[in-house]
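The values are calculated or read from the model by the stated rules, or taken from the named source; none is laboratory data. Note that this is a predicted model, so its numbers are computed, not measured. No Cβ is skipped: glycine too gets one built from the backbone with ideal geometry, and neighbour counts run over all protein chains shown. Areas reflect the complete protein model, heavy atoms only, side chains present, ligands, DNA and RNA absent. Shrake-Rupley method; radii C 1.70, N 1.55, O 1.52, S 1.80 Å.
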Amino acid sequence: GSSAEAARIIRVLLRTPRLPPSSLAMLSLQRASVALAAGDWQSSGRWARAADRAFPGDWLSEAYVAQQLAREGDRREAHRRYAALAARTGDPDVLDALAWLAKSEGRAAQARGWAAKAEAAWKARSERLPGTYAAHYAEHLLLFGDPRQALALAEADYRRRPFPATIGHYAFALWRNDEPHHALAVVQAGEARGFLTADMKMTETLALSALGRAAEADAALAETRRLNPRIDDLRQQFVAFRQD
């Protein structure tokens, strides 16, 4: 839960002499992700564009810039860049980002088309490396597919590596599958181990609200907003790429 300390560590690493462009880009994207987690969209855009300049042609840097454009309100340009990346890479995260962008604008048929392409790509990847892509595939299924299948994937991933990202994914999948008691228990177990992220606290808020514990939900939401003041901004839905 310490964005400032995470940013400080990355700043130290960025001062390493003679870093290759690929490493500069990777560290810049990590710094952009720290900014995203803290709701600092101005910094996230600055670091995403720095990564793109440091290592031109890197698809992930380009994806970060595209999602930044979506948050800044230039959805047409975000769509154009995502579509170019999808044609070039076939990456399912990019396809999902396109599907969500279309869905958010009421273009249901286009959203279904992009989601179907993403589903095929995720299936192919998960067949080769199921553990590697479990969290990403689960996110896709929660958005566009079978939430029960998503829950199974998220749970298996959580059992393998019970750390903040997987805690958040698993707890959210539990909440989406109408298991708020279990979702709350998973988040609170993670917090007891010293983990704290805005995503975890947001799911805690949702679970407490579903359980009718309004005062506790309000307190959890206040803590969530302290960690990420943008967490319930509608433009937060366009955060598709992050280093977790």
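Quick grid of which residues meet (1) open to solvent by 70 Å² or more (accessible area, probe 1.4 Å); (2) in contact with a strand residue (DSSP E or B) (Cβ under 7 Å, 6 or more places away or on another chain); (3) farther than 30 Å from Lys201 by Cβ:
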| site | (1), (2), (3) |
| --- | --- |
| Pro20 | no, no, yes |
| Ser43 | no, no, no |
| Ala48 | no, no, no |
| Phe55 | yes, no, yes |
| Leu60 | no, no, no |
| Gln67 | no, no, no |
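Which of the residues belonging to region 210-244 are part of a helix (DSSP H, G or I) and touching a helix residue (DSSP H, G or I) at 6+ places or on another chain (Cβ under 7 Å)? Quick ask: steps written out before the conclusion?
Going through region 210-244, the residues part of a helix (DSSP H, G or I) turn out to be 210, 214-227, 234-238.
Of everything in region 210-244, those that are part of a helix (DSSP H, G or I) and touching a helix residue (DSSP H, G or I) at 6+ places or on another chain (Cβ under 7 Å) turn out to be Ala210, Glu216, Ala217, Ala220, Leu221, Glu223, Thr224, Leu227, Arg235, Gln237, Phe238.
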- Query: From the residues in region 175-196 that are without any contact (Cβ under 8 Å) to a residue 24 or more places away in the chain and closer than 19 Å to Asn228 by Cα, which one is most open to solvent (accessible area, probe 1.4 Å)?
  - Reply: Gln188
- Query: Right, Ala165: of a type in the set (A, V, I, L, M), open to solvent by 20 Å² or more (accessible area, probe 1.4 Å), part of a helix (DSSP H, G or I) and closer than 15 Å to Val34 by Cα or not?
  - Reply: yes
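Among the residues of region 90-146, what is the count of those that are part of a loop (DSSP other than H, G, I, E, B), without any contact (Cβ under 8 Å) to a residue 24 or more places away in the chain and either over 16 Å from Gln237 (Cβ atoms) or under 20 Å from the mean Cα position of the chain (by Cα) (or both)?
Count: 2.
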- Message: Suppose we filter region 206-218 for residues that are surrounded by 15 or more Cβ atoms within 10 Å (Cβ to Cβ) and farther than 12 Å from His181 by Cβ; how many remain?
- Response: 4
- Query: Could you say whether any residue in region 2-18 is within 16 Å of the chain's Cα centre (by Cα) and not polar (S, T, N, Q)?
  - Reply: no
- Pairs under 8 Å by beta carbon, first residue in contact (Cβ under 8 Å) with a residue 60 or more places away in the chain in region 10-36, partner outside any helix (DSSP H, G or I), six or more apart or different chains? Leu29/Gln243; Gln30/Gln243; Ser33/Arg242; Ser33/Gln243; Ser33/Asp244; Leu36/Val239; Leu36/Arg242
- Tell me which residues, restricted to region 72-89, are crowded, with 21+ Cβ neighbours inside 10 Å and closer than 16 Å to Gln236 by Cα. Ala78
